[in-house]
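Report on the following structure.
The values are calculated or read from the model by the stated rules, or taken from the named source; none is laboratory data. Model, not experiment: these values are computed from the prediction. Glycine also receives a Cβ, built like all others from the backbone with ideal geometry; neighbour counts cover every protein chain displayed.
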């Protein structure tokens, strides 16, 4: 199965990801993030606001701020050396709100996704309980994305990158698991109810 290999391309804080055809889907640590305290909350991102932030690498530790009313700004720089053009970024946190994804283009930021738990479910690019964000990258194309988000509960990210085919299999698998759990729960409740009759 063709999937993802994440390879660091340089060792600074704003590390980039290189996508190729070597390995299976895996977690992403080659990105940078910044924590914005609640008192300094950002309504949206601009290049000027980004320049004022201090980013740290996620290689040693993924962003994990517990129950926190602040925000996370994450920077993903992605180079595609694979034969695949359709990719999905899975954020690993179903509690995110006010989620905004920006694409950097000629030093300008373009908002391409606006979603979160407070938004209608149809605002999610992929209708799933977790936040999955699809994007296209041509062969040898490099793209920089910025993510701005906060949380109603746990503030953190556990990102994964995969091809759309791998993500589809994961979604189907999780969907079947969720359905089985729902059936099992319904049967348990029905059995418990009947035992009282």
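Tabulated values for the structure
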| quantity | calculated |
| --- | --- |
| Test: residue in the range 119-136 that is closer than 24 Å to residue 20 by Cβ, out of contact with any helix residue (DSSP H, G or I) (no Cβ under 8 Å at 6 or more places or on another chain), loosely packed, with under 13 Cβ neighbours inside 10 Å and at pLDDT below 90 | yes |
| Sole exception among (1) under 14 Å from the mean Cα position of the chain (by Cα); (2) without any contact (Cβ under 8 Å) to a residue 24 or more places away in the chain; (3) over 25 Å from residue 70 (Cβ atoms) for residue 122, by number | (1) |
| Number of positions in the range 51-73 that are surrounded by 13 or more Cβ atoms within 10 Å (Cβ to Cβ) and more than 20 Å from residue 116 (Cα to Cα) | 7 |
| Which numbered condition residue 44 misses (of (1) surrounded by 17 or more Cβ atoms within 10 Å (Cβ to Cβ); (2) within 22 Å of residue 113 (Cα to Cα)) | (1) |
| Hits in the range 30-40 (condition: more than 16 Å from the chain's Cα centre (by Cα) and over 15 Å from residue 65 (Cα atoms)) | 39, 40 |
| So residue 11, is it surrounded by fewer than 17 Cβ atoms within 10 Å (Cβ to Cβ), at pLDDT below 95 and farther than 26 Å from residue 170 by Cβ | yes |
| Filter pass, residue 168 being at pLDDT below 95 and either within 25 Å of residue 52 (Cβ to Cβ) or not in a strand (DSSP E or B) (or both) | yes |
| Residue in the range 99-110 that is surrounded by the most Cβ atoms within 10 Å (Cβ to Cβ), counting only those that are in contact (Cβ under 8 Å) with a residue 40 or more places away in the chain and more than 16 Å from residue 89 (Cα to Cα) | 109 |
